[in-house]
Amino acid sequence: MYFYVKTQPFDRANAKIVIDEIEQLRVDSLKQVSQLKDTSRIYPFNPNFITDYKGYTLGMSVEEIDRLKAFRSLNKYINSKEEFQSVTSVNDSLLKVISPYFKFPDWTKSNKKEYSKALSQKTSKVTVVKIRDINLVTAKDLKIIRGIGDKLSERIIKFRDRLGGFLVNEQLYDVYGLDAEVVDNTLKQFQVFNPPEIESININSATIEEIAALVYISYPVANEIVRFRELNGGINSFDELTNLDGFPAEKLDRIALYLSL
């Protein structure tokens, strides 16, 4: 090696080393994905409701998160991984890692071809279903849905009242005893158009009672959250909550709507 250096000196002034920018972007992307795998555990989530912190932990850039927010501000929803990439412009490598965890409502998976065909047919009778705000309907209104009777309609209204109003459509799946198929049919006629304004609870300063006031968190789990917070000097990520006994990790995205750090 010494002989080679002495006989083949490196001329810095005339060096012709050029960085391949495309390959460098691929390397940076792979590093980004590798860090994501090593630092966080991903749970199924609806990509329509990614917070700044969630986007950061997923490996998204600030610009990509802002594009998603701008799209959602128009009251539009993403219904596929292809649409997610089109809106955010995330690279293929990151999309390949996070898209398996995308969880869309079942009603978005309906046969789009049949739906388009039905719309294109020219018939004399056209039935137009007007979708109403689920935060404004009564128990009687809900009973027009097949599978929803007196008990379930009242239960939906009570759950809505406990929440202070539905923030997202997915919360309808959390009503006890309501089958997913019935929810899918309900969302064809009732959806969230005007979510209520809520004051988020600071998870690092709230009391056990304040945390337990959330519909999704029981008193024992709230106690565990406060104990964990005190032992660790605070909570830096909502994902840390998923390690606590009894915490409903599958509902983290909805719970996070009511919390702040």
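Taking the solvent-accessible surface of protein heavy atoms with a 1.4 Å probe, what is the per residue accessible area of region 207-261 in Å²?
On the way: 2650 Å² over 55 residues.
On a per-residue basis, region 207-261 sits at 48 Å².
How much length, in nm to one decimal, is gained on full extension between Tyr56 and Arg146, taken as 0.36 nm per residue of separation minus their Cα-Cα distance? It would help to have the intermediate numbers written out before the result.
Numbers: separation 90, 0.36 × 90 = 32.40 nm, distance 4.16 nm.
So the extension gain works out to 28.2 nm.
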Compute the distance in nm between two label points, each set 7 Å from the Cα along the Cα-to-Cβ direction, one at Lys130 and one at Lys103. 3.5
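Between Glu230 and Glu199, what length in nm is gained on full extension when 0.36 nm per residue of separation is reduced by their alpha carbon distance?
Numbers: separation 31, 0.36 × 31 = 11.16 nm, distance 2.32 nm.
Going from the current span to full extension adds 8.8 nm.
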Taking amide hydrogens as modeled 1.01 Å from N in the peptide plane, which residues meet the under 5 Å criterion relative to Ser260, leaving out close sequence neighbours? Ile201, Asn202, Ile203
For region 138-234, I need the span (max minus min coordinate) of the C-alpha atoms along each principal axis, in Å, sorted largest to smallest. 50, 25, 18
Carbon/sulfur fraction of accessible area - region 145-261, other protein chains in place, 1.4 Å, %: 46
Residue-wise HN-Hα coupling along region 199-208, computed from phi with Karplus coefficients 6.51, -1.76, 1.60 (Hz; x: Gly, Pro): 9, 5, 9, 6, 5, 8, 9, 5, 7, 4
Could you give the distance between the Cα centres of region 246-260 and region 153-177, to the whole Å? 15
Virtual spin-label span in nm between Glu210 and Glu240, 7 Å along Cα→Cβ: 1.7
Can you tell me the length gained on complete extension of the stretch Glu181 to Leu261, counting 0.36 nm per residue apart and subtracting the Cα distance? 25.3 nm
From the cross-link list Lys54/Lys143; Lys54/Lys151; Lys69/Lys251; Lys54/Lys130, which pairs have alpha carbons spaced over 28 Å apart? Lys54/Lys143; Lys54/Lys151; Lys54/Lys130
Amide hydrogen neighbours beyond the local backbone of Arg132, cut-off 5 Å, H modeled: Phe190, Gln191
Under 18 Å from the Cα of Lys158, which aspartates and glutamates turn up, not counting those fewer than eight places away in the same chain? Asp133, Asp141, Asp150, Glu170, Asp174, Asp179
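The values are calculated or read from the model by the stated rules, or taken from the named source; none is laboratory data. As the structure is a computational prediction, the values presented were derived from the model and not from experiment. Quick reminder, even Gly has a Cβ in these numbers, built from the backbone with ideal geometry, and neighbours come from all protein chains shown. These area figures cover heavy atoms from the full protein model, side chains too; ligands, DNA and RNA do not enter into them. Shrake-Rupley method; radii C 1.70, N 1.55, O 1.52, S 1.80 Å.
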